[in-house]
1. Consider GLN108 carefully, then state whether it is more than 22 Å from THR59 (Cα to Cα) and assigned to a loop (DSSP other than H, G, I, E, B).
2. Output the number of residues of the stretch 145-174 satisfying the condition of being surrounded by fewer than 16 Cβ atoms within 10 Å (Cβ to Cβ), free of Cβ contacts under 8 Å to residues at least 40 places away in the same chain, more than 9 Å from the ligand (Cβ to nearest atom) and among the hydrophobic types (A, V, I, L, M, F, W, C).
3. Taking ILE47, is it buried (at least 19 other Cβ atoms within 10 Å of the Cβ) and more than 28 Å from PHE174 (Cα to Cα)?
4. Given the conditions (1) under 15 Å from the mean Cα position of the chain (by Cα); (2) not in a strand (DSSP E or B), which single one is not true for ILE51?
5. Restricting to the stretch 1-21, and then to whatever is without any contact (Cβ under 8 Å) to a residue 40 or more places away in the chain and surrounded by 14 or more Cβ atoms within 10 Å (Cβ to Cβ), can you tell me which residue is nearest to the ligand (Cβ to nearest atom)?
6. Here is a check on your reading of the model: is MET98 within 16 Å of the ligand (Cβ to nearest atom), assigned to a strand (DSSP E or B), among the aliphatic types (A, V, I, L, M) and in contact with a Lys or Arg (Cβ under 8 Å, 6 or more places away or on another chain)?
7. Failed condition for PHE40, given (1) among the aromatic types (Phe, Trp, Tyr); (2) part of a strand (DSSP E or B); (3) open to solvent by 40 Å² or more (accessible area, probe 1.4 Å), with all others met?
8. Which number in (1) within 15 Å of the chain's Cα centre (by Cα); (2) not in a strand (DSSP E or B) marks the one condition that ILE70 misses?
Amino acid sequence: MSTITIALTKGRILKETLPLLAKAGIEPIEDIYTSRKLVFATNRPDIQLLILRGVDVPTYVRFGSADIGISGKDILLEIDNSDFYEPLDLGIATCDLMTAAKKGSAVQTGRIRVATKYLKVAEQFYAEQGRQVDLIKLYGAMELAPILDLADEIVDIVDTGNTLKANGLEPREFICHVSSRVIVNRASMKTKHRAVTAIIDALREAITQ
Ligand code: AMP
């Protein structure tokens, strides 16, 4: 019996993934939230779970260190996803990628500066709009950039909009909807086909319950 390794994204996605995994019959045998471990055995002797930062999940799947991953679409849009399959939208941890600017500020014409973690998404979005931008890569706290005049706009994840509001910003343009996806290593899909498809089918069933 070969082991199936599933890489999970910690944080908000994990909170919504664990109940789905449980419905699919996969449960860690110890409490992920109180343990400092990164690898967890489950009630299924053939399945183990990795708890990773979102950006690292596709890397583990790409190199086959994990057979299956659960990743936010925002992460997947930024990388070359020809390396793995994306067979299932779990419809969890939903949010939107949007542009945002200082509340009440005039829409800038001409070349603008945009700060974001999502360079690929931003580049494509502004190009489609025919707008010229200088992109500034940030790794977090994008909301600060317009306030401190580092950028005119940001591209960021918006859920309730509270983070933008608390920082004197407002959402401007909708770019795309984001949810968490199941990704699968290409080789695992072949060599562990039966086990991998059984897990995908169980998750598909779990989201319709
Ligand atoms: P909100 O204040 O509800 O609009 O949430 C915005 C912030 O929460 C973002 O800046 C993200 O850092 C984080 N966030 C909300 N939803 C998600 C999600 N589905 N995936 C990743 N990060 C999220």
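1. Numbers: more than 22 Å from THR59 (Cα to Cα): yes; assigned to a loop (DSSP other than H, G, I, E, B): yes.
Taking the combined requirement at face value, the residue satisfies it.
2. Number satisfying all stated conditions: 2.
3. Numbers: buried (at least 19 other Cβ atoms within 10 Å of the Cβ): yes; more than 28 Å from PHE174 (Cα to Cα): yes.
Answer is yes for this residue.
4. Unmet condition: (2).
5. LEU14
6. Working: within 16 Å of the ligand (Cβ to nearest atom): yes; assigned to a strand (DSSP E or B): yes; among the aliphatic types (A, V, I, L, M): yes; in contact with a Lys or Arg (Cβ under 8 Å, 6 or more places away or on another chain): yes.
Answer is yes for this residue.
7. (3)
8. Of the numbered conditions (1) within 15 Å of the chain's Cα centre (by Cα); (2) not in a strand (DSSP E or B), the odd one out for ILE70 is (2).
The values are calculated or read from the model by the stated rules, or taken from the named source; none is laboratory data. Just so you know, these numbers come straight off a predicted model, no measurement behind them. All Cβ positions, even for glycine, are placed from backbone atoms using ideal geometry, and neighbour counts span all protein chains on display. Areas reflect the complete protein model, heavy atoms only, side chains present, ligands, DNA and RNA absent. Shrake-Rupley method; radii C 1.70, N 1.55, O 1.52, S 1.80 Å.
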